[in-house]
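Asks: One structure follows; several queries about it will come next.
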Amino acid sequence: MPKGTCKVPVVGEFGRIAVEFLRKGSNPKVYEGAARKLEVSSTTIQEAVEGLTYLLAESSKLMISEVDFQDSVLVLGFPEELNKVLLQLYLDNRKEIRRILSELEPNLPHYHNLEWRLDVQLASRSLRHQIKPTITMKLHLEENNKLKTSILQTDPATLIHIIQELEQALAEMKTNHCRRIVRNIK
């Protein structure tokens, strides 16, 4: 928000506009009206509302606590009175914002079940002492209350490599550095 327009009633109005922005999308007429009242450009108003929308949406998505929200807003360098208004705006609207965001969220397929089988070929006509293991997996995904099935086939070495990479990624997410980055991104 522009430093000259950081007044408490203005921020409350921007909060109302930000929630409307989430519900119905951008409305240039609202920005132009607010710009005339505050004697700034409509682009400045739009950027301020979009910034506030982002702050409220990300905070609501993560359901961060009051203390975490205050810490996040403190970095912006606003006066204490304005930080309190932003906190109240967040507390008053976080449940509604979460509801709006859940309606906008794409319905992606998610895990339902996994069946697997280990097949081993012990020999063939040309190679009598060959051992060739294969793992076949039947992955059931649920999307819009419908099951979708995918058949996957791999050898044990590739499966072990995939497991190691996933475990390494999970371990990396537990480091302090990654936690700090994720907390700041969200």
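Quick note: the coordinates plus some simple rules give every number you see, no bench work behind them. Not measured: the values here are computed from a predicted model. Backbone-built Cβ (ideal geometry, glycine too); neighbour counts: all protein chains shown.
Asks: What are the semi-axes of the equivalent ellipsoid of segment 88-173, taken as the square roots of 5 times the eigenvalues of the Cα gyration tensor, listed largest first and rounded to whole Å?
Replies: Value: 45, 18, 7 Å, ordered largest first.
Asks: Of the residues Ser102, Ser124, Ser65, which exhibits the maximal mean-square fluctuation in a Gaussian network model of the chain defined by a 10 Å Cα contact cut-off?
Replies: With Cα springs under 10 Å in the chain, the top fluctuation among Ser102, Ser124, Ser65 is at Ser124.
Asks: Something else about it: Sort out for me the Cα centre separation of segment 111-138 from segment 155-172, rounded to whole Å.
Replies: Each part's Cα centre sits 20 Å from the other's.
Asks: Something else now. Only four residue types carry charge here, +1 at the Cβ of Lys and Arg and -1 at the Cβ of Asp and Glu. Report the dipole size of segment 8-143 about the Cα centre in Debye, rounded to the nearest 20.
Replies: Details: 17 positive and 20 negative charges, 185 e Å.
Roughly 880 debye for segment 8-143.
Asks: Loop only per DSSP, at most 13 neighbouring Cβ atoms within 10 Å: give me the trypsin sites (Lys or Arg not before Pro) in segment 101-138, ordered by residue number.
Replies: Passing both the DSSP loop test and the Cβ count: Arg125, Arg128.
Asks: Under a 10 Å cutoff between Cα atoms, tell me which one of Gln121, Gln88, Gln153 has the largest fluctuation in the Gaussian network model of the chain.
Replies: Between Gln121, Gln88, Gln153, it is Gln121 that shows the largest mean-square fluctuation.
Asks: log₁₀ I(q)/I(0) of the chain at q = 0.11, 0.13, 0.18 Å⁻¹, via Debye over equal Cα point scatterers, no solvent, to two decimals?
Replies: -0.71, -0.85, -1.18
Asks: Moving on. Check segment 66-186 and count each lysine pair with an alpha-carbon distance under 27 angstrom, considering only pairs eight or more places apart or from different chains.
Replies: Value for segment 66-186: 6.
Asks: Additional query: Report, in degrees rounded to the nearest 10, the 0 to 90 angle that the Cα long axis of helix 80-104 makes with the longest principal axis of the chain.
Replies: In the chain, helix 80-104 runs at an angle near 40 degrees to the longest axis.
Asks: Using helices alone, I'd like the mean residue ellipticity at 222 nm for the chain: each DSSP H run of four-plus residues gives -39500 (n - 2.57), total over residue count, nearest 500.
Replies: Mean residue ellipticity, 222 nm, calculated: -20000 deg cm²/dmol.
Asks: Pull out the extension gain between Gln153 and Thr43, defined as 0.36 nm times the separation in residues minus the alpha carbon to alpha carbon distance; nm, one decimal.
Replies: Between Gln153 and Thr43, full extension yields an extra 34.2 nm.
Asks: Follow-up question, since we're still on this one. What's the local net charge at Leu52, with K and R +1, D and E -1, over the other residues with C-beta under 13 Å away?
Replies: Working: positive: Arg16; negative: Glu13, Glu20, Glu47, Glu50, Glu58.
Summing Lys and Arg as +1 and Asp and Glu as -1 gives -4.
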